[in-house]
Amino acid sequence: MMKTTRRLAAALCVALAMLATACAEDGTGGGGGGGGDGPLISIVSKGFQHQFWQSVKEGAEAEAEARGARVTFVGPPTEADVEEQVNLLTNELARSPDAIGFAALDSQAAEPLLQQARSQEIPVVAFDSGVESDVPVTTVATDNRAAAAEAAEHLAEAVGGEGTVALVVHDQTSLSGRDRRDGFLEWMAANAPGITVLDPQYGGGDQLASADITRSIIQGNPDLAGIYAANEGSAIGVINGVRESGRDDIAVVGFDSGQAQIDAVGSGEMTGAVTQDPVDMGRQLVDAALRAIDGEELPERIDTAFHWYDQGNIDDPTIRAALYE
């Protein structure tokens, strides 16, 4: 009897280990932080594979721990998986959390579920990307248009105010994708008459797709002087695409940070980038959710900071605090 019990226990351990492995390989991420019987905040991000989202998760869990709240944090395998994000939001609503944090890949696709959250009297806090809906009680995000304009100004300076530049954007369905595209284009149109900007290309934030797009842009535009990449995955792909093309005369400006971009700035492969402060974003997201749970009226928008970094200032303490590796 004892041997049988031990065999069953061993088999159960193996099954649990296999389940844990499968969940990790699924790519949707998960887990949570905080503890006790405090309010539950379900957070649905745009992805889980980039360091940016891991840093948002870190900040959210730290704030939840400090405030006696609980959080779950999930996201689809890539930032092109709109359907998977909708499924994840559906699952989180089924938990009947006290609040939801949501970074929309596609506002229209998510709208019916946001209305469901309203009917369940679950406050929704948008983050990173604004959500084109009147359901969220506030939006915790970087001013993406202003940050993209900052990137445009530095790229214009890097190419001497003339020549042809391209942009590789993660998507055109999220508000952050459109703002990071339009902020760049608007600054160039208003301030850089000597620069020709090619039509935006979209790589879904995927490194391989963005690298392929970059190689095609370079092949079709031998006079290319610079490229702007609008998020972490796009930037890594652009860096790789330029490197694989054999060109060392193309200025690359990125968005976000992560180790690959930090290394590229250090080596000179990237001129610089605009970084958000994802840990602070996670903290402010949880703070806003708890205030909403308490019935507090919130401002329409809660801005989080952004900073330009390059070889000249990357070791500044303020910049270092905003970089995530």
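The values are calculated or read from the model by the stated rules, or taken from the named source; none is laboratory data. Just so we're clear, the structure is a prediction, and the values are computed from it rather than from any experiment. Cβ sites come from the backbone with ideal geometry, for glycine too, and all protein chains shown count toward neighbours. Ligands, DNA and RNA are stripped out before the accessible areas are found, and what is left, the full protein with its side chains, is counted by its heavy atoms. Shrake-Rupley method; radii C 1.70, N 1.55, O 1.52, S 1.80 Å.
The mean accessible area for residues of the stretch 122-275, using a 1.4 Å probe and ignoring ligands and nucleic acids, is 34 Å² per residue.
Close amide H pairs (under 5 Å, H built 1.01 Å from N) link GLY101 with SER42, ILE43, VAL44, VAL125, residues at least 5 positions away or on another chain.
The Rg/Rh ratio for the stretch 136-193, using Cα coordinates for both the radius of gyration and the Kirkwood hydrodynamic radius, is 1.04. For the chain, the longest principal axis of the C-alpha atoms and the axis of helix 107-119 are separated by about 30°.
Please work out the C-alpha center-to-center distance from the stretch 199-254 to the stretch 42-97 and express it in whole Å. Answer, in whole Å: 29.
Put a dot 7 Å past the Cα of LEU208, heading toward its Cβ, do the same for ASP249, and the two dots end up 3.2 nm apart. Each residue of the stretch 202-219 was assigned a 3J(HN,Hα) from its phi angle through the Karplus expression (A = 6.51, B = -1.76, C = 1.60, θ = phi - 60°), giving 10, x, x, x, 8, 4, 5, 5, 5, 5, 4, 4, 4, 4, 5, 4, 5, 4 Hz with x at Gly and Pro.
On the protein heavy atoms, probe 1.4 angstrom, tell me the percent of accessible surface of the stretch 266-325 carried by carbon and sulfur. Carbon and sulfur atoms account for 43 percent of the accessible area of the stretch 266-325. The residues of the stretch 38-106 expose on average 33 square angstrom of accessible surface per residue, using a 1.4 Å probe on protein heavy atoms.
So what is log10(I(q)/I(0)) for the stretch 154-285 at q = 0.12, 0.15, 0.16, 0.23 1/Å, when the Debye sum runs over its Cα atoms only? The computed values of log10 I(q)/I(0) come out as -0.41, -0.64, -0.73, -1.51. Can you tell me how the stretch 32-130 classifies by the Cα gyration tensor, rounded, prolate or oblate, using a/c under 1.5 as the rounded cut? Here the stretch 32-130 falls in the oblate category. DSSP bridge analysis restricted to the chain gives an antiparallel fraction near 20%, rounded to the nearest 5.
Residues whose amide H lies under 5 Å from that of TYR202, counting only those 5 or more places away or on a different chain, are VAL169; hydrogens are built 1.01 Å from N in the peptide plane. Rounded to whole numbers, the Karplus 3J(HN,Hα) couplings from phi for the stretch 175-189 are 5, 5, x, 5, 5, 6, 6, 5, x, 5, 5, 5, 5, 4, 5 Hz, using 6.51 cos²θ - 1.76 cosθ + 1.60 with θ = phi - 60°, and x at Gly and Pro. Rolling a 1.4 Å probe over the protein chains gives ASP199 an accessible area of about 120 Å².
I need the calculated FRET efficiency for the pair ALA189 and ASP294, taking r as the beta carbon distance and R₀ as 56 Å, to the nearest 0.05.
The formula returns an efficiency of 0.80 here.
Write down Rg/Rh for the chain, rounded to two decimals, with Rg from the C-alpha atoms and Rh from the Kirkwood relation over Cα pairs. Write down the numbers at each step before the final one.
Numbers: Rg = 21.3 Å, Rh = 20.6 Å.
Using only Cα positions, Rg/Rh for the chain is 1.03.
For the stretch 61-76, the Karplus equation 6.51 cos²θ - 1.76 cosθ + 1.60, evaluated at θ = phi - 60°, returns couplings of 5, 5, 5, 4, 4, 5, 9, x, 9, 10, 10, 10, 9, 9, x, x Hz by residue, with Gly and Pro reported as x. Ordered by solvent-accessible area of protein heavy atoms (1.4 Å probe), largest first, the residues THR271, THR318 come out as THR318, THR271. Between ARG67 and ASP37, what length in nm is gained on full extension when 0.36 nm per residue of separation is reduced by their alpha carbon distance? Contour length minus the Cα-Cα distance gives 9.7 nm. Quick check for you: which residues of the stretch 153-181 have the amide N under 12 Å from the point 7 Å beyond the Cα of GLU132 toward its beta carbon? So the set is 172-179.
Taking the Cα centre of the chain as origin, work out the dipole magnitude from +1 charges on Lys and Arg Cβ and -1 charges on Asp and Glu Cβ, in debye rounded to 20.
On the way: 20 positive and 51 negative charges, 261 e Å.
Dipole about the Cα centre, nearest 20: 1260 debye.
Note on ALA305 and ASN221: the extension gain reaches 26.7 nm, defined as 0.36 nm multiplied by sequence separation minus the Cα-Cα distance.
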